[in-house]
Amino acid sequence: MNEFICINVSIPLRKGPSHKTEMGTQILFGEKFYIIEKAGDWRKIRINWYNYTGWVDKSQVDFIPASDKGDSDIISKRVVVRKSDGTYMTIEPGSEVYSLSEDRKSFFAGNEKYDSDEPIEVALSGESISATALKFLNAPYLWGGRTPAGIDCSGLTQIVYKLHKIRIPRDSYEQAERGVTIDFLSDALPGDLIFFDDDSGKICHVGIYYDEGKILHCSGRVRIDVIDHQGIYRDDLKKYSHRLRVIKRIIKQ
């Protein structure tokens, strides 16, 4: 099975082989994937980073073999780069690059070289999870989104953790199955994941514990709200918007 690499800024990955189906997630620049099924002009693919499957319109994808070997560097800040044909493109946080030069001004994806006028910022271990999450503040909500241009609640948590080179699943209910359970909110630490359920008991929302009594999450936009043992309290609405279900601490493997 051939492995391919995304050289688009992002590609919508849909639930079915049609533009009318919902976008489940996005493939970001430099992420690798396999084709596992074909249906007309659509291809079902599996993203390697988090083992997510969905459909892409083949006209939106350049099926470039993933010739890059070894570990990637993960872009931590939006950057404008110049392609070998002289055109420009903007690469979003969470994208992956290979063979980053010593001055961090050039890299490869597939067999193509990309250049930047400024050093490219990549994932650093010294920054806290909550500090990284703060960089997405006010990004608008987009179902299936994974970028500052549009993101959903579990896309936010997944990308923030990816910027720390920690792999977690794409959807909130799967993320809730990872990590160590923290029994009391008073024991939560900044960076812990907090999950919320609906009336049927299904996990439907996730956020990042930001600081004492505060949660950073995406609801309408990425925002910071009050959190207590009941759930998220929206001061602007004067009511609780989400009911707390479980707190998880993700341990880097």
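Just checking, which of V226, V222 is in the same structural domain as R167 (by TED's automatic domain parsing) and farther than 16 Å from L156 by Cβ?
The conditions single out V226.
Does R104 satisfy being of a type in the set (K, R) and within 20 Å of W49 (Cα to Cα)?
No.
So P190 passes all but one of these: (1) at pLDDT below 95; (2) in contact with a Ser or Thr (Cβ under 6 Å, 6 or more places away or on another chain). Which condition number does it fail?
(1)
Answer yes or no as to whether G155 is in contact (Cβ under 8 Å) with a residue 12 or more places away in the chain, in contact with a Lys or Arg (Cβ under 6 Å, 6 or more places away or on another chain) and under 27 Å from I64 (Cβ atoms).
Working: in contact (Cβ under 8 Å) with a residue 12 or more places away in the chain: yes; in contact with a Lys or Arg (Cβ under 6 Å, 6 or more places away or on another chain): yes; under 27 Å from I64 (Cβ atoms): yes.
For G155, the condition - in contact (Cβ under 8 Å) with a residue 12 or more places away in the chain, in contact with a Lys or Arg (Cβ under 6 Å, 6 or more places away or on another chain) and under 27 Å from I64 (Cβ atoms) - is met.
Do any residues in segment 215-228 that are farther than 17 Å from V246 by Cα and touching a residue at least 40 places away in the same chain (Cβ under 8 Å) have Cβ atoms under 9 Å from those of residues that are crowded, with 18+ Cβ neighbours inside 10 Å and basic (K, R), where the two are at least six apart or on different chains, and which pairs are they?
none
Of everything in segment 127-150, what is surrounded by 18 or more Cβ atoms within 10 Å (Cβ to Cβ) and either free of Cβ contacts under 8 Å to residues at least 24 places away in the same chain or at positive phi (or both)? Give them in sequence order.
Listed by number, the residues that qualify are G144, G150.
Please verify whether segment 24-38 includes one or more residues that are out of contact with any Ser or Thr (no Cβ under 9 Å at 6 or more places or on another chain), surrounded by fewer than 20 Cβ atoms within 10 Å (Cβ to Cβ), outside any strand (DSSP E or B) and not assigned by TED's automatic domain parsing to the domain that holds R170.
no
Examine segment 1-19 for a residue that is in contact (Cβ under 8 Å) with a residue 60 or more places away in the chain and among the hydroxyl-bearing types (S, T, Y), and state whether such a residue exists.
yes
Could you please tell me which pairs satisfy a Cβ distance under 8 Å, a separation of 6+ or placement on different chains, a first residue in segment 90-101 that is without any contact (Cβ under 8 Å) to a residue 40 or more places away in the chain, and a second residue that is of a type in the set (F, W, Y) and surrounded by fewer than 24 Cβ atoms within 10 Å (Cβ to Cβ)?
S99/F108
Could you list, in sequence order, all residues of segment 174-210 that are surrounded by fewer than 14 Cβ atoms within 10 Å (Cβ to Cβ) and charged (D, E, K, R)?
Within segment 174-210, E177, D183, D187, D198, D199, K202 meet the criteria.
Before we move on, is S18 assigned to a loop (DSSP other than H, G, I, E, B) and either over 19 Å from G110 (Cβ atoms) or outside the structural domain of G94 (by TED's automatic domain parsing) (or both)?
yes
The values are calculated or read from the model by the stated rules, or taken from the named source; none is laboratory data. Being a predicted model, the structure only gives us computed values, none of them experimental. Counting neighbours? That spans all protein chains shown, and the Cβs are built from the backbone with ideal geometry, glycine included.
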